[in-house]
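Peer 1: One structure follows; several queries about it will come next.
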Amino acid sequence: MSHARTPKPSRILIVGGGYVGLYTALRLLKKLSREEAEVTVIDARSYMTYLPFLPEAAGGNVAARNLVAPLRPALKGAEVVTGHVVAVDHALKTATVVPAAGDEYELAFDHLVIATGSVSRTFPIPGLAEHAIGLKTVEEAIGLRNHVLWQLDRASSTTDAEERRKALTFVFVGGGFAGVEAIGEVEDMLRDAAENYRDVSRDEMRFVLVEAANRILPEMGPDLGVWTKEKLEQRGIEVHLNTSVDSCVDQYVMLKNGIETPAATIVWTAGVKPSPLLADFGLPLGPRGHIDTTPTLQVRGFEHVWAAGDNAQVPDLAAGEGAWCPPNAQHAVRQALVLADNILARLRGGSQKEYRHKNLGAVASIGLHKGVAILFGKYRLKGRPAWWFHRLYHGSRVPTANRKIRVFLDWTLAVFLRRETVGLPQLAHPREAFVDATLPVPMLRRADRTNSLS
């Protein structure tokens, strides 16, 4: 007696666990049955980061751990693999996976979603790789916070005027959302932190914002950009437009407009570019390295491959012919929902729908109780109302109820408690203390210690 063999469910492989990866997987898991398809998510990190709050994490207004959503608890029912996809064979429909531990292996799929996101866009500027820090990951936000607070300790402890000047100079490159929000948050934090030092004041600190274009926050329009620039300058922040960094060798920053200064802190937020992993996936790329997709979020020429978010060149049908969706969270989340629905339609024989989204607006915080916002293209908010709207909007968008509650609790506690301004620079090298403890004490140090005790 023969038994009918149960067909194996399709595998939907999602490469990347950021906005697109997480929200695509959540949508699929909500609507799929186990018999229809299995969902596998592969990412080098086991969590998704809510990027709009990285400046607030750097400024200490939100605990960094509350900006990440662990993938496994969020995606119960999916297979989550910590690792990289390093190659794709489209003919065989297999991906080569390099896990966090163990040997690489081949993983078969029926549908492939590319959601690798973006990385910092940099230029071959002397000294940049050695001395600058980006703001694309939660680790960078934590590192930046600890670093800038440590600079106050350095300035307080040194008698060298040049070293003190270097420690108290903070250069931010890039006048978009990330750069403006970061310099606003960090300036606020260091202004508060300086109150704990007898010999360091805000007046000694120098904050420099560098932007290659002729205005900051271009997405906000010229009027809000000008207003933001004026508010930053009123706080003692220098804003240099139409200029760029020539060099930052040995932590000495040289700008094209002739400004030169030593600076121990150089923060790079001058745009993003698609993940370099895309070069190994055998897919059509646009002029800037993005995957070329149709309005249905399918990769052109590939019926089984889909892409969205920062690594995709998605036509912006709401803006008109020739326009592309900008790489921001608002588009990424909404594209993920359409992408998931189209995969479901393909599995069930339904019709695809095109991604079309009218921009709801933009919000930016430039420090505590300070912000700008543009809503539905016509309503403009400034100052405290815009800041409140920024918090309410982004607080509601943080993934998972667990993280939403924790973020709002952070903000509520901040109403009653002073901002925490302690830096932990040793976090960057946590084993140093233990390694030092294992080394023999040099004879000179031993002699000095003996002399000091006698």
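Peer 1: Taking Gly371 as the residue in question, decide whether it is surrounded by 11 or more Cβ atoms within 10 Å (Cβ to Cβ), at pLDDT below 90 and under 23 Å from the mean Cα position of the chain (by Cα).
Peer 2: Numbers: surrounded by 11 or more Cβ atoms within 10 Å (Cβ to Cβ): yes; at pLDDT below 90: no; under 23 Å from the mean Cα position of the chain (by Cα): yes.
Considered against the rule, which asks whether it is surrounded by 11 or more Cβ atoms within 10 Å (Cβ to Cβ), at pLDDT below 90 and under 23 Å from the mean Cα position of the chain (by Cα), Gly371 comes out as no.
Peer 1: Any idea how many residues of the range 156-168 are in a helix (DSSP H, G or I) and closer than 23 Å to Ile259 by Cβ? Spell out how you get there, then give the answer.
Peer 2: Looking only at the range 156-168, we keep the residues that are in a helix (DSSP H, G or I), and these are 156-157, 161-167.
Cutting the leftovers down to closer than 23 Å to Ile259 by Cβ gives us 161-167.
Number of matching residues: 7.
Listed here are the residues, each with its yes/no results for (1) surrounded by fewer than 20 Cβ atoms within 10 Å (Cβ to Cβ); (2) under 15 Å from Ala64 (Cβ atoms); (3) in contact with a Cys (Cβ under 9 Å, 6 or more places away or on another chain).
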site: Ala132; (1), (2), (3): no, no, yes
site: Arg145; (1), (2), (3): no, yes, no
site: Asp160; (1), (2), (3): yes, no, no
site: Lys166; (1), (2), (3): no, no, no
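Peer 1: Residues in the range 82-113 that are of a type in the set (Val, Ile, Thr) and in contact with a Ser or Thr (Cβ under 9 Å, 6 or more places away or on another chain): how many?
Peer 2: We begin by selecting, within the range 82-113, every residue of a type in the set (Val, Ile, Thr); these are 82, 85-86, 88, 94, 96-98, 113.
Filter again for in contact with a Ser or Thr (Cβ under 9 Å, 6 or more places away or on another chain), leaving 82, 85-86, 88, 113.
Adding up the residues that qualify gives 5.
Peer 1: With the requirement that a residue be assigned to a loop (DSSP other than H, G, I, E, B), β-branched (Val, Ile, Thr) and under 23 Å from the mean Cα position of the chain (by Cα), what does the range 282-334 give you? Working first, answer last.
Peer 2: First, pick out the residues of the range 282-334 that are assigned to a loop (DSSP other than H, G, I, E, B): 282-284, 286-290, 294-297, 300-304, 308, 314, 316-323, 325-328.
Right, trim to β-branched (Val, Ile, Thr) and you get 294, 296, 314.
Val314 - this is the single residue of the range 282-334 that is assigned to a loop (DSSP other than H, G, I, E, B), β-branched (Val, Ile, Thr) and under 23 Å from the mean Cα position of the chain (by Cα).
Peer 1: Give the range 19-38 a look and list any residue that's crowded, with 24+ Cβ neighbours inside 10 Å and of a type outside the set (Phe, Trp, Tyr), or say none. So that I can check it myself, show each step before the final result.
Peer 2: Here is the first cut: in the range 19-38, the ones crowded, with 24+ Cβ neighbours inside 10 Å are 19-22, 24-25, 28.
Residues satisfying the conditions are Val20, Gly21, Leu22, Thr24, Ala25, Leu28.
Peer 1: Restricting attention to the range 250-296, which residues are over 22 Å from Leu92 (Cα atoms) and of a type in the set (A, V, I, L, M, F, W, C)?
Peer 2: Let us first name the residues in the range 250-296 that are over 22 Å from Leu92 (Cα atoms), namely 250-276, 286-290, 294-296.
Val253, Met254, Leu255, Ile259, Ala263, Ala264, Ile266, Val267, Trp268, Ala270, Val272, listed by residue number.
Peer 1: Output the residues belonging to the range 267-293 that are charged (D, E, K, R) and surrounded by 15 or more Cβ atoms within 10 Å (Cβ to Cβ). Steps first, please.
Peer 2: So the first thing to find is which residues in the range 267-293 are charged (D, E, K, R), and the list is 273, 280, 288, 292.
Within the range 267-293, Lys273, Asp292 qualify.
Peer 1: Shifting gears a bit: Among residues belonging to the range 194-217 that are part of a helix (DSSP H, G or I) and in contact with a helix residue (DSSP H, G or I) (Cβ under 6 Å, 6 or more places away or on another chain), point out the one that is surrounded by the fewest Cβ atoms within 10 Å (Cβ to Cβ). I'd like the intermediate steps shown before the answer.
Peer 2: At the first step, the residues of the range 194-217 found to be part of a helix (DSSP H, G or I) are 194-196, 202-204.
Checking which are in contact with a helix residue (DSSP H, G or I) (Cβ under 6 Å, 6 or more places away or on another chain) leaves us with 194, 202.
Values: Ala194: 20, Arg202: 16.
By that ranking, first place goes to Arg202.
Peer 1: A follow-up question, please. Scan the range 402-432 residue by residue and report those that are surrounded by 12 or more Cβ atoms within 10 Å (Cβ to Cβ), among the basic types (Lys, Arg) and at pLDDT below 85.
Peer 2: Answer for the range 402-432, where residues must be surrounded by 12 or more Cβ atoms within 10 Å (Cβ to Cβ), among the basic types (Lys, Arg) and at pLDDT below 85: just Arg419.
Peer 1: When you go through Val299, Val314, Val333, Val338 one by one, which is the residue that is over 17 Å from Asn359 (Cβ atoms), of a type in the set (Val, Ile, Thr) and either in contact (Cβ under 8 Å) with a residue 40 or more places away in the chain or buried (at least 20 other Cβ atoms within 10 Å of the Cβ) (or both)?
Peer 2: Numbers: Val314 fails: over 17 Å from Asn359 (Cβ atoms); Val333 fails: over 17 Å from Asn359 (Cβ atoms); Val338 fails: over 17 Å from Asn359 (Cβ atoms).
Result of the check over Val299, Val314, Val333, Val338: Val299.
Peer 1: Residues that are more than 30 Å from Thr269 (Cα to Cα): find the strands (runs of 3 or more DSSP E) completely inside the range 70-128 holding 1 or more of those.
Peer 2: 79-89, 94-99, 105-108, 111-114
Peer 1: May I ask you to verify whether Glu230 is outside any loop (DSSP other than H, G, I, E, B), over 19 Å from Leu381 (Cβ atoms) and not aliphatic (A, V, I, L, M)?
Peer 2: Values: outside any loop (DSSP other than H, G, I, E, B): yes; over 19 Å from Leu381 (Cβ atoms): no; not aliphatic (A, V, I, L, M): yes.
Taking the combined requirement at face value, the residue does not satisfy it.
Peer 1: So, Val171, is that one touching a residue at least 40 places away in the same chain (Cβ under 8 Å), surrounded by fewer than 24 Cβ atoms within 10 Å (Cβ to Cβ), hydrophobic (A, V, I, L, M, F, W, C) and not in a helix (DSSP H, G or I) or not?
Peer 2: Answer is no for this residue.
Peer 1: Oh, and also: Show the residue pairs that are 6+ apart or on different chains and have beta-carbon atoms under 9 Å apart, the first residue being within the range 134-161 and on the phi < 0 side of the Ramachandran plot, the second being assigned to a loop (DSSP other than H, G, I, E, B) and among the aromatic types (Phe, Trp, Tyr).
Peer 2: Val138/Tyr50; Leu152/Tyr197; Asp153/Tyr197; Ala155/Tyr197; Ser156/Tyr197
Peer 1: Considering the range 48-65 alone, what residues qualify as being closer than 17 Å to Gly18 by Cβ and part of a helix (DSSP H, G or I)? So that I can check it myself, show each step before the final result.
Peer 2: In the first step, residues of the range 48-65 are kept if they are closer than 17 Å to Gly18 by Cβ; the result is 48-54, 57, 64.
Once the filter is applied, which keeps residues that are closer than 17 Å to Gly18 by Cβ and part of a helix (DSSP H, G or I), the range 48-65 yields Leu51, Pro52, Phe53, Leu54, Ala57, Ala64.
Peer 1: Looking at the structure I just gave you, is Ala373 among the small types (Gly, Ala, Ser) and assigned to a strand (DSSP E or B)?
Peer 2: Values: among the small types (Gly, Ala, Ser): yes; assigned to a strand (DSSP E or B): yes.
It is true that Ala373 is among the small types (Gly, Ala, Ser) and assigned to a strand (DSSP E or B).
Peer 1: Then there's this: Name the single residue, out of those in the range 90-106 being touching a residue at least 24 places away in the same chain (Cβ under 8 Å) and surrounded by fewer than 17 Cβ atoms within 10 Å (Cβ to Cβ), that is farthest from Phe281 (Cα to Cα).
Peer 2: Initially, the range 90-106 is screened for residues touching a residue at least 24 places away in the same chain (Cβ under 8 Å), giving 90, 93, 95, 97, 100.
Imposing the further condition that a residue be surrounded by fewer than 17 Cβ atoms within 10 Å (Cβ to Cβ) reduces the set to 90, 100.
Working: His90: 9, Ala100: 20 Å.
Per the criteria, the residue is Ala100.
Peer 1: Something else: For the range 26-44, does any single residue satisfy the condition of being under 30 Å from Val148 (Cβ atoms) and either among the hydrophobic types (A, V, I, L, M, F, W, C) or assigned to a helix (DSSP H, G or I) (or both)? Quick ask: steps written out before the conclusion?
Peer 2: Quick first cut of the range 26-44, residues under 30 Å from Val148 (Cβ atoms) only: 43-44.
Still in the running and either among the hydrophobic types (A, V, I, L, M, F, W, C) or assigned to a helix (DSSP H, G or I) (or both): 44.
For the range 26-44, residues under 30 Å from Val148 (Cβ atoms) and either among the hydrophobic types (A, V, I, L, M, F, W, C) or assigned to a helix (DSSP H, G or I) (or both): present.
The values are calculated or read from the model by the stated rules, or taken from the named source; none is laboratory data. Computed from a predicted model, the values in this text were never measured in an experiment. Reconstructed Cβ throughout: ideal geometry from the backbone, glycine too, with neighbour counts over all protein chains shown.
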